[in-house]
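Working notes, beginning with the structure itself.
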Amino acid sequence: MIVIKYGGHAMSDENGNFARAISNALENGITLVIVHGGGPQVDIALKSDGIPTELVGGFRITTPEILEVVERVLSGEVGPAVAASLKLVGVKAQAVSGMKSKTLFAKKLRKLVDGTPADLGLAGEIVRVDTSFINSLLKDGITPVVSPTASNENGEGGLNVNGDISAAAIAGALGANSLIIMTDVEGIYRSWPDKNSLISEISAAELESMKATFEKGMAPKVKACLDAIAGGAKAVRIIDGTNPDAFSRALSGVGGTLVTK
């Protein structure tokens, strides 16, 4: 089984390359679960609604007003659009709200990846994954397309969870062979923006020792790698999701940055 985090900056699939790669993988007998992001789409919606937004350490400070927009855009627009693109190439797919399906449960996030305390409002971190609905879809031959919003711990109300973190939790809970995180860079760099510092393979222990050095959007991705492996996934691969060849290679176990136990 492979869990794929389909990222906001990598979600331009005008030529259908992503959908065809998914179709080919399924035909080759690989079980797939897709978890999507949609930060750029949320940004556009918030701007259109005149709602200010702020990111701190790669996480969005989330007010109740922003959470409503996030759920509307991710679960009501982005997820169904991804599922529809998959159906065009013959893949049975279904959009799933992590919150409404009672798949993801979270508590309020109160610190950044480097441990710095932060008031992030209704931003959350996953505390539990109920895989029942995902497994029921897989049993019926349907590929789940999961949005990353979550219910709070008692199942009432919602929290905005970073898509990479949600994907990691799902990959861990499913004991996935691999989590592929699609982003807009080739992988993890020791010294960004030095392109020569790309890491081809690294252990979770070494990455843990480096995690405080990463900034902005890469910080949650590094945390997702560590969370996925700690939770039960066997490996994580971060790739440039804007490159269709990179995604096809990753499905075959090649390219990007591989994080292992």
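Using a 1.4 Å probe, how large is the accessible area of Met1, given in Å² and rounded to the nearest 10?
For Met1, solvent-accessible area is about 50 Å².
Per residue, how much accessible area does the range 1-135 show when a 1.4 Å probe rolls over the protein heavy atoms, in square angstrom?
Ligands and nucleic acids excluded, the result is 47 Å² per residue.
How high is the relative contact order of the chain, in percent, counting Cα pairs under 8 Å that sit 6 or more residues apart? List each step's numbers first, then the result.
On the way: 585 pairs, mean separation 59.6, N = 261.
RCO, the chain: 23 percent.
Show me 208-215, 67-74 ranked by packing, highest mean number of other Cβ atoms within 10 Å first. Could the numbers behind the result be given before it?
On the way: 208-215: 14.4, 67-74: 20.6.
Ranking the peptides 208-215, 67-74 by packing returns 67-74, 208-215.
With 32 Å as the limit, write out which pairs from Lys5/Lys111; Lys47/Lys107; Lys87/Lys261; Lys139/Lys195; Lys87/Lys216; Lys111/Lys234 have Cα-Cα distances beyond it, or answer none. Kindly include the intermediate steps, with their values, before the conclusion.
Working: Lys5/Lys111 23 Å; Lys47/Lys107 27 Å; Lys87/Lys261 35 Å; Lys139/Lys195 42 Å; Lys87/Lys216 34 Å; Lys111/Lys234 26 Å.
Checking Cα-Cα distances, Lys87/Lys261; Lys139/Lys195; Lys87/Lys216 exceed 32 Å.
List the aspartates and glutamates whose Cα lies under 12 Å from the Cα of Lys102, skipping any in the same chain that are fewer than 8 positions away.
The qualifying aspartates and glutamates are Asp130, Glu153, Glu156.
Over the range 82-134, calculate the relative contact order: mean separation of alpha carbon pairs under 8 Å at least 6 apart, over the residue count, as a percent. Before the final figure, lay out the partial values.
Working: 56 pairs, mean separation 16.4, N = 53.
In percent, rounded to a whole number, it is 31.
Once neighbouring chains are kept in place and the probe is 1.4 Å, which whole percent of the accessible area of the chain is contributed by carbon and sulfur? Show your work: numbers first, answer last.
Numbers: 5620 of 11530 Å².
Its accessible area is 49 percent carbon and sulfur atoms.
Starting from 0 in steps of 10 Å, tell me what percent of the Cα-Cα pairs of the range 38-135 lands in each bin.
Final binned percentages: 14, 38, 35, 12, 1.
Between Thr131 and Asp245, what is the label-point separation in nm under the 7 Å Cα-to-beta-carbon projection?
Between Asp245 and Thr131, the label points sit 3.5 nm apart.
Given that just one value was derived from the coordinates, which of (i) 19.5; (ii) 18.0; (iii) 18.8 is Kirkwood radius over Cα pairs in Å?
(ii)
The values are calculated or read from the model by the stated rules, or taken from the named source; none is laboratory data. Bear in mind the structure is a predicted one, so any value in this text is a computation, not a measurement. Don't worry about glycine lacking a Cβ; one is built from the backbone with ideal geometry, like all the others, and counts go over all protein chains shown. These area figures cover heavy atoms from the full protein model, side chains too; ligands, DNA and RNA do not enter into them. Shrake-Rupley method; radii C 1.70, N 1.55, O 1.52, S 1.80 Å.
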